[in-house]
Amino acid sequence: MLQCTALAAVRSPQGEIGYPSCELGEEHDGEHAEFCWDDDATGGAVWFRWGALGGRFVLLPWCETTGGEDDDACTLFEHHPAAHSWAVVDPTREALRQEIERLHPELARRPKPGRDQSS
Ligand SMILES: [Zn+2]
Ligand SMILES: [Zn+2]
């Protein structure tokens, strides 16, 4: 499944403009979502969710369902719509990965999808 291509422009309270891009699988139900930061206190993460009526930051637990080729934990939030992260392909990232592997075959190894949650 390809990644949703929704993009938004959001002004922060400090006046900076951010451009969240949706990380969910294409044609998902409900609002779009971009990961913002880990919330170690709750073991979840803050996501920016948006739709036609605007956006908001929400704290959500991790999905953590494992699967895919490497049995990785899903890096999306609990009860997210559409496919788990290990089944969602970002076409831009995938194209870059293939180009890097072509230029540097010595580095060719499937990168582990998923985020470093140790920090
Ligand atoms: Zn989306
Ligand atoms: Zn999931």
Qualifying residue in segment 61-72 (condition: of a type in the set (Ser, Thr, Tyr) and under 14 Å from the mean Cα position of the chain (by Cα)): no
Residue satisfying all of: in segment 24-40; touching a Leu at 6+ places or on another chain (Cβ under 7 Å) and under 16 Å from VAL10 (Cα atoms); farthest from ligand 2 (Cβ to nearest atom) among these: HIS32
Subset of segment 41-67 that is in a loop (DSSP other than H, G, I, E, B) and within 16 Å of ligand 1 (Cβ to nearest atom) - its residue that is farthest from VAL10 (Cα to Cα): CYS63
Lone qualifier among ASP38, ASP29, ASP70 - being assigned to a strand (DSSP E or B), of a type in the set (Asp, Glu) and surrounded by fewer than 19 Cβ atoms within 10 Å (Cβ to Cβ): ASP38
Whichever residue in segment 4-19 is in a loop (DSSP other than H, G, I, E, B) and surrounded by 10 or more Cβ atoms within 10 Å (Cβ to Cβ) and, among such residues, is nearest to the chain's Cα centre (by Cα): CYS4
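Taking LEU76 as the residue in question, decide whether it is within 13 Å of ligand 2 (Cβ to nearest atom), modelled with pLDDT of 95 or more, aliphatic (A, V, I, L, M) and in contact with a Pro (Cβ under 8 Å, 6 or more places away or on another chain).
no
The values are calculated or read from the model by the stated rules, or taken from the named source; none is laboratory data. Quick caveat, the model's predicted, so the values are computed rather than measured. Virtual Cβ from ideal backbone geometry, glycine too; neighbours counted across all protein chains shown.
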